[in-house]
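Shown next, in C-alpha cells, is the structure this report addresses.
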Amino acid sequence: MTSSALGRAEVAAELGRLDEARRIIGEALIAQPDDPVLLERMADIAYRLDQTDAALRYANAAIAADPARIDAYLTAALAYDADTMRAEAQRHARMATRLAPDHVGALLVLARVVANAATSDKPRAEARDALERATQLAPAHPGTHAHAAETYRRLHDSDAARRHVEAGLAEDPVHAELLQTRARLDFENVATRDKAIATLRGLLGSNPGNVGAQRLLAEIMWRALIGLAAWGWFFAAAVVALSMWIPPGGLRVLTPALFVGVLGAWFGVFRKLNRHLPQGYLRKRLLRRPEALLALVIGLVSSSVVEIGAAVVRSEWSAEAVRGGYIVVLVGMMGAALAHLLLFTAWVGRRDGESDRHAGEEFALLSVIIVIGGGLLLVGMLAALRHWARQPAAFGVFVAIVGMVVVTLLLEILLVQALEYRWRMFDAYAGGVLFIAALLALAIWWGWQQTATQTFHSDERAPVPTAPKSPPPIPTFHFTPSVLPPPAG
C-alpha cells in the first residue's frame, strides 16, 4: 500500500497537483501513521505548498521514526531556512552530510542554506565547495545542475549560474527547474526580460501546473504594476526638486513633459504586459484582486493631482497659492503611496489557496535599501544647497515625500513578514522598523510643518502707487487800474 500511494502521489506532484498528492499520502498515513517514508514524503509536499510548520512537524516525526532518514533532515533544513532559522537549517543539513558524505542532495541543500546565510567570504567558499563536490559526483544529472545554478544565482555569481544552466539543458533541454532559473537570470538583466517571459510561457504551455513558472510570471507582472505607482513617487519628487531651482518659465515646460512621460509609462507597461503575458492572464489576475484595480485607479488619479499641484506652483499667482500647490502635490503623493501599498498587498496576499508571495520580501527589502540610500543622498545635497535655491522652502516638501516613501516600504516589509507567519522574525523586524518609522514620522511632520509655515516666493507684485493728480490751478485775478481824467484847471 505504501509503494502504491507513493507512486500515485509522485505522479500527481509531477503534474503540479500538490493538494491531490497530499490527500493521497494523508490517506496512507491514516493506516500507517509511523511510516518514516510516508512522513518524509508528506513533509516534502507540505514544504512545496509553503506550509513550513507542517513540513517541520512531519519531517521531525520522520526523523524520530528513523534517525538515519536523510531526506527528512534535508526537508527540515529547507523548512527551517524558509522560516529564516538559519542555524537550525545548517545543523540539519550538516547532519545529513555526516550520515552520507557523498550524498549529492545533502551537499546541494548544505550549499543552499549556507549561501542564504552567508555574510562573509568564508561561508560563501564553503557553499561553492559543496556545489563543486555535488557536480563532480553527478556531472550529467540535470537536477544537480539546476540546484547548483540557483544557488550560484543567490551567491550573485550569474556567470557560474548560467554555466550550470547550459550544462544541465544540454542533458535535458526541457528541464523545468533549469528553464525557470534561465528565465530568472534573463529577468534580472533588463536587456533580456522579453526572453524570460517567452521561456515561462513555453513552460506553462507544456505544464500549466508548474508552480515555479507561475510564481515567476506573477512576480514579473506585479513588479511592473508596482512600478507604475513608483512613477507617481518619482513625479512628485521631481516636481518639488525642480521647483527649488527652475523659474516658472522652465517649469511650464518641464513638469507637463514629466506628466506626459508618466502617462506614457502607464501605456507602455500595459501594452507590453498584454503583448507578452498569456492571453487573459493580466485580466484574470486583476479581477481576482479588486484591491489591485482600486490601486491602479488611485495611482492614475494621484499622478493627475500632482500635476494640478505643479500647475499651481509654476503659476506663482501668490505666495499662498504656491504653498497650496505644494500641499496638493503632497496629497497626490499620499495617493501614490496608498496605491503602492495596495498593489503590494495584492501581490503577496493569497486567493483561493493561490499565492504569488514568492520574492515579495526580497523586493521590499531591496526597495527600502535603494530608497534610503538614494533618498538620504538627495536630501543631503538639497539641504546643503537650499540656501542658494530659488524656492528654499520647498526643501521641507521634499523631506516629507522621501519620508512617506520609506514608511510605505517599511509597512510592506512588516506585511510580508506577518503573512509568512514568521512571528519570531516579525518581532525582530517590528522593533527596528517601528523605531525607524518613528524617526521618519518626525521627518514627515517636520516637512509638513515647514510647508505650512515657511515663506514661499512668487511673482506677485505689490501694486505700484500712482502719482497723485495735480491740484486744479488756482485762479489768478489781474487788476487793471482805471485811467483817471487829468484834473481840471
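The values are calculated or read from the model by the stated rules, or taken from the named source; none is laboratory data. These numbers were taken from a predicted model, which means no experiment stands behind them. Heads up, the Cβs are rebuilt from the backbone with ideal geometry, glycines too, and the neighbour counts pull from every protein chain shown. The protein model used for the area step is the full one, side chains on, heavy atoms only, and it has no ligands, DNA or RNA in it. Shrake-Rupley method; radii C 1.70, N 1.55, O 1.52, S 1.80 Å.
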The listed residue being open to solvent by 10 Å² or more (accessible area, probe 1.4 Å), at pLDDT 85 or above and out of contact with any strand residue (DSSP E or B) (no Cβ under 7 Å at 6 or more places or on another chain), out of 186, 194, 172: 172
Against the definition (surrounded by fewer than 21 Cβ atoms within 10 Å (Cβ to Cβ), within 20 Å of residue 228 (Cα to Cα) and acidic (Asp, Glu)), how does residue 291 come out, yes or no? yes
Find the residue count for segment 114-146, including only residues that are closer than 23 Å to residue 175 by Cα, assigned to a helix (DSSP H, G or I) and open to solvent by less than 60 Å² (accessible area, probe 1.4 Å). 9
Can you give me the number of residues within segment 75-117 that are in contact (Cβ under 8 Å) with a residue 60 or more places away in the chain and touching a Ser or Thr at 6+ places or on another chain (Cβ under 7 Å)? 1
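I'd like to check something: does segment 50-66 contain any residue that is farther than 19 Å from residue 154 by Cβ, touching a helix residue (DSSP H, G or I) at 6+ places or on another chain (Cβ under 7 Å), polar (S, T, N, Q) and in a helix (DSSP H, G or I)? Let's see the steps before the verdict.
Narrowing segment 50-66 to residues farther than 19 Å from residue 154 by Cβ: 51, 53-66.
With the extra rule that they be touching a helix residue (DSSP H, G or I) at 6+ places or on another chain (Cβ under 7 Å), the set shrinks to 54-56, 58-63, 65-66.
Right, trim to polar (S, T, N, Q) and you get 60.
Add one more test, that the residue is in a helix (DSSP H, G or I), and what stays is 60.
Yes, there is a match, as at least one residue in segment 50-66 is farther than 19 Å from residue 154 by Cβ, touching a helix residue (DSSP H, G or I) at 6+ places or on another chain (Cβ under 7 Å), polar (S, T, N, Q) and in a helix (DSSP H, G or I).
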Can you pull out the residues in segment 380-390 that are buried (at least 17 other Cβ atoms within 10 Å of the Cβ) and modelled with pLDDT of 85 or more? 382
Positions within segment 172-190 being part of a helix (DSSP H, G or I) and of a type in the set (Val, Ile, Thr), in sequence order: 181, 190
What's the number of the condition residue 199 fails, among (1) hydroxyl-bearing (Ser, Thr, Tyr); (2) loosely packed, with under 15 Cβ neighbours inside 10 Å; (3) free of Cβ contacts under 8 Å to residues at least 24 places away in the same chain? (2)
Scan segment 302-317 for residues that are hydrophobic (A, V, I, L, M, F, W, C), part of a helix (DSSP H, G or I) and in contact (Cβ under 8 Å) with a residue 60 or more places away in the chain and report the count. 3
Considering every residue within segment 35-46, establish whether at least one is open to solvent by 60 Å² or more (accessible area, probe 1.4 Å) and assigned to a helix (DSSP H, G or I). no
How many residues does segment 243-269 hold that are open to solvent by 50 Å² or more (accessible area, probe 1.4 Å) and assigned to a helix (DSSP H, G or I)? 8
Please give the number of the condition residue 60 fails out of (1) within 30 Å of residue 208 (Cβ to Cβ); (2) out of contact with any Asp or Glu (no Cβ under 8 Å at 6 or more places or on another chain); (3) surrounded by fewer than 20 Cβ atoms within 10 Å (Cβ to Cβ); (4) not aromatic (Phe, Trp, Tyr). (1)
I'd like the residue in segment 66-111 that is farther than 22 Å from residue 122 by Cα and over 36 Å from the mean Cα position of the chain (by Cα) and, out of all such residues, is surrounded by the fewest Cβ atoms within 10 Å (Cβ to Cβ). 68
Taking the criterion of being of a type in the set (S, T, N, Q), assigned to a helix (DSSP H, G or I) and more than 20 Å from residue 112 (Cβ to Cβ), would at least one residue in segment 4-14 satisfy it? yes
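If I ask for residues that are assigned to a helix (DSSP H, G or I) and of a type outside the set (A, V, I, L, M), which ones from segment 207-233 would you list?
Step one: filter segment 207-233 for residues assigned to a helix (DSSP H, G or I), giving 211-233.
Within segment 207-233, 212, 214, 215, 219, 222, 223, 227, 231, 232, 233 qualify.
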Can you tell me which of 313, 301, 305 is within 24 Å of the chain's Cα centre (by Cα), modelled with pLDDT of 85 or more and crowded, with 19+ Cβ neighbours inside 10 Å? 305
Which of the residues belonging to segment 277-298 are under 14 Å from residue 214 (Cα atoms) and assigned to a helix (DSSP H, G or I)? 281, 282, 284, 285
